[in-house]
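First the structure, in the form of structure tokens, and then the observations on it.
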Amino acid sequence: MSENEIDHRKQWQPPPRPEWMARIIEEGYCMDISGVVPLDERSLLDTAKRNTGLSDFGSEDWYEPFKVLIKSMEEDAELHLMGRLMARQEILQLLEARLRIEDTYKQHPEIDEQQIVEPIIVVGQGRSGTSFMINMLMANSDNGALLEWETAFPCPPPEAATYRTDPRIEIAHKRVGQWERLTPTVASMHEFSGYLPFECMQALALSFRSPSWFVGMGQATTYEAWMQTQDMKPALQYHKRLLKLLQWKNPRKHWALKDPLHLYRLPLMMETYPDARFIWPHRDPVRALASTVSIIGTLQWGRSDHPMKGASFEAMLDPNLSGAAFNHIIDQLEAGVVPKNQIYHMQYLDLVKDTMGEIEKAYRHLGLELSERGRHGMEKYLADNPRDARPKHQFNQGSPEIVAKAREAYKRYQAYFGVKTE
């Protein structure tokens, strides 16, 4: 662990908890919470099977990471009562979704004939405008984003006629809204809603190969370290299986997807989606890093009294490691892992200054058509969602010495892509 990483974590301070949540957590201190809220294999699997009446989880590649995860959640995460309740709910939700997906495919094998054509995938360092970008792409009716509600409850497959009125939307909205209710300050960092796109990390979690999802859920550090040695290919294959199912009765011209960590698996992304189009917003990496530290700490504070410990998100939070990762990605791009016409680099500051102008450039570069209908939808989204509508996210970038060390780690990245210091 580098000196930079330690200092970046220490500069974060947990926000005050709502009184109701503090009281629930305090009551848990005198309870056997592991007995009351079990996270063991038998309890989770039996409950998921009983809730669905199904037993076939499909291919076995999910099972080992599932076992490593729940052991890590039990031994590493130090979850408080509310954290355990949410972890159990979310793991059961994944297990039940997987059971239903496999049952649907069994009844309708023709779903596998669906084609995923030229998905638009937003990548880049967290807190660099990726969420804003995916929301803009979703506003184009030619695109279909991976919405929170359909990721959480994919079966029965969504239908075009009821896509905006399905009763599952409100259930998903209330569940994901717990993140903001537990730690209200998260509202200034990221908008959680059943109606909005969510990162692919949740879809990848259906294979239990999604470190960013599960570490955010409860700093499963042993699981995270184990996943460093594992192949992400099964997770991406299941990701594609999910997309086929979701577009079966609700066709989409292009999928619009987002996950910052897709950036670190570009060769596998190209293997899975050879005709993918990538959009990479670039922002001052020191500022983006400090903001990422803030949101990860806050989310973990909603699950544990001891957040930001161990190696959680090490590759993202340590500027030396993330800087080295950027250098490796630059080498991959130079080697042609992603053909230059399939990736568009935009500057965050330009995106904020001239949003439609940057999107038009991206579409032209990527060889995609921006229809008048799509343009109108994006312009309407901009008008309805001014950038200053949400509370401002306050965070600490660290001392001048820490910032200087981070600048050195990101020197090649900023020079190569022309990223301005903010």
* Cα gyration tensor shape of the range 159-257, rounded if a/c is under 1.5, else prolate or oblate by comparing a/b with b/c -> oblate
* For the range 89-120 and the range 227-301, compute the distance between their C-alpha centroids and round to whole Å. => 18
* Asked: Looking only at Cα atoms, what is the convex hull volume of the range 196-337 per residue, in Å³?
  -> 131
* Label-point separation (nm) for SER371 and ASN51, each offset 7 Å from Cα along Cα-to-Cβ? -> 3.8
* Structure fact -> Along the dipole axis of the range 122-220 (charges at Cβ: +1 for Lys and Arg, -1 for Asp and Glu; origin at the Cα centre), the most positive-end residue among GLY218, ILE134, PRO158 is GLY218
* Given the chain, what percent of its DSSP beta bridges are antiparallel, to the nearest 5? -> 10
* Go through GLY58, ILE343, ALA77 and say which Cα lies farthest out towards the positive end of the charge dipole of the chain; charges sit on Cβ, +1 for Lys and Arg, -1 for Asp and Glu. => ILE343
* In whole Å, what three semi-axes, largest first, describe the equivalent ellipsoid of the range 75-193 built from its Cα gyration tensor (square root of 5 times each eigenvalue)? -> 27, 22, 15
* Rel. contact order, % - alpha carbon contacts under 8 angstrom, at least six apart, the chain -> 25
* Structure fact -> Classified through the alpha carbon gyration tensor (a ≥ b ≥ c as square roots of its eigenvalues; rounded if a/c is under 1.5, else prolate when a/b is larger than b/c, else oblate), the range 96-166 comes out prolate
* Residues LYS240, LYS174 arranged by fewest to most Cβ contacts within 10 Å -> LYS174, LYS240
* **Cα-centred dipole magnitude for the range 192-304, charges only on beta-carbon of K, R (+1) and D, E (-1), debye, nearest 20** => 440
* To do: Between ALA383 and TYR29, with labels modelled 7 Å along Cα→Cβ, what's the label distance in nm to one decimal, could you check?
  => 5.4
* To do: For LEU268 and ASP40, compute 0.36 nm times the residue count separating them, minus their Cα-Cα distance, and round to one decimal in nm.
  => 78.9 nm
* Asked: If you take the square roots of the eigenvalues of the alpha-carbon gyration tensor of the range 238-319 and sort them as a ≥ b ≥ c, do you get rounded (a/c under 1.5), prolate (a/b over b/c) or oblate?
  -> prolate
* Asked: Per residue of the chain, what 222 nm ellipticity follows from adding -39500 (n - 2.57) for every DSSP H run with n ≥ 4, rounded to the nearest 500?
  -> -16000 deg cm²/dmol
* Asked: Dipole of the chain, Cα-centred, from +1 at each Lys and Arg C-beta and -1 at each Asp and Glu C-beta, to the nearest 20 debye?
  -> 760
* To do: Give me the number: length gained by fully extending LYS309 to HIS328, i.e. 0.36 nm times residue separation minus the C-alpha to C-alpha distance, one decimal in nm.
  => 4.2 nm
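Only the coordinates and a few stated rules stand behind these numbers; no lab work does. Predicted, not measured: the structure shown is a model, and the values here were computed from it. Cβ coordinates were reconstructed from backbone atoms using ideal geometry, including for glycine residues, and neighbour counts include every protein chain displayed.
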